[in-house]
Amino acid sequence: MAVLQHLTLPMNESLEANFAALLEKSFNAEVRMGSLCVGSILRIEKDGLLVDVDGKYEGFVPMKEIPNANTAEDLLENFQVGANLECFVLRDNEEHHQYVLSLRRVQQVKNWETLNQAKEDQTTMQATILGVTKGGMLASVMNIKGFIPSSQLRVTKSLDDLSGEELPVKVLEVDSNRNKLILSHRQAVFEMKAAMRADTLKELEEGTIVTGEVVKITDFGVFVDINGIDGLLPLSEITWRRIKHPSDVITLGEHVTVQVLTVDHDRQRISLSLKRMEADPWTVVDETFQAGQQVEGRISKQLASGVLAELASGVEAYCAYGQHGRIFEQDAIYNFEVVSIAAYDRRITLAYKPFKAED
């Protein structure tokens, strides 16, 4: 049988206003499954609509492909013979020599086209968060489900608390054939704060004290929003103490006052320090500890030859296993004697000598 015209109606314009132009384009053209076509209602049947396309071809719209129609009475109430329709071509029904059409899927096709154009134009869209999934969030844009990877999120609350919220997003990848839509919230926010970011960079310099909001926590550090710029607060600059992960001492959405370490104007990047807002504990080590002093230390790290014991916040000392072997338990507190101190090298040596109460 002959095939229908492949037509796409412009978004935001009525079918009536464009119907004549669309019919004119339909001659000597082809259509395939997954395309749009236009036609008029030939007959209203009990289970659907029989549609004429440009006076040459027939198509049938089954009831299940018609929105808000469940009975023949619904069809008679909402449709009239001769009325113009825009339909989505589902397949070719060879048995009845007609195309199977859908009204329900017309808007979805247009929505995919809009998303594809948004990707090309870098337009910001609004996404409704549906829930958390592995590696990120599920979201809906124009009633099409998409995915926002965790790396493309820029939020200051738990992902579980985002369900139902609307976020601005950029379209990173769109493929209607594979029903694939990848979005970025981070890029949308980055664009929205471009002007603020430029002004902030003019004011920042090394040593500046600023306050910002924690917007992301990773294994290697924390990202802090400083008036539109995401500054990196490395793990090593969070506290003078040894910690395993930034989340041990910092929470998402927390406001922190930090010192600017470096500013890269070309790459619009800054590095930050939280621990330098406090005095270096090693500057008072000579005043606090002396050789021969008995001290308590918490085991903070196991080494091949010995352990590091925390004597005070940010001050660790080394004790060899020696004749006692590997007797120390992580995070347990033991009694030691200070053997030597070299504060300028940030080094204290200990000997394991239990107090008499433990003998």
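Please specify each residue of segment 162-185 satisfying the condition of being touching a Gly at 6+ places or on another chain (Cβ under 7 Å) and in a loop (DSSP other than H, G, I, E, B).
Start the filter on segment 162-185 by keeping residues that are touching a Gly at 6+ places or on another chain (Cβ under 7 Å), which leaves 163, 181-183.
Ser163, the sole residue that qualifies.
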Given the criteria within 34 Å of the chain's Cα centre (by Cα), more than 19 Å from His185 (Cβ to Cβ) and among the polar types (S, T, N, Q), does Gln107 qualify? yes
If you go through Ser158, Ser163, Ser151, the only one that is touching a helix residue (DSSP H, G or I) at 6+ places or on another chain (Cβ under 9 Å) and modelled with pLDDT under 95 is Ser151
Matching residues in segment 297-342 - criterion: being of a type in the set (Phe, Trp, Tyr) and touching a Pro at 6+ places or on another chain (Cβ under 6 Å): none
So in segment 110-141, with the set limited to residues that are surrounded by fewer than 18 Cβ atoms within 10 Å (Cβ to Cβ) and among the aliphatic types (A, V, I, L, M), which one is modelled with the lowest pLDDT? Val132
Here are Gly306, Gly292, Gly253, Gly231: which of them is of a type in the set (Gly, Ala, Ser) and without any contact (Cβ under 8 Å) to a residue 24 or more places away in the chain? Gly306
Which numbered condition Ala309 fails, given (1) surrounded by 15 or more Cβ atoms within 10 Å (Cβ to Cβ); (2) at pLDDT 95 or above; (3) more than 24 Å from Lys244 (Cα to Cα): (3)
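The values are calculated or read from the model by the stated rules, or taken from the named source; none is laboratory data. Being a predicted model, the structure only gives us computed values, none of them experimental. Note: ideal-geometry Cβ built from the backbone for every residue, glycine included; neighbour counts use all protein chains shown.
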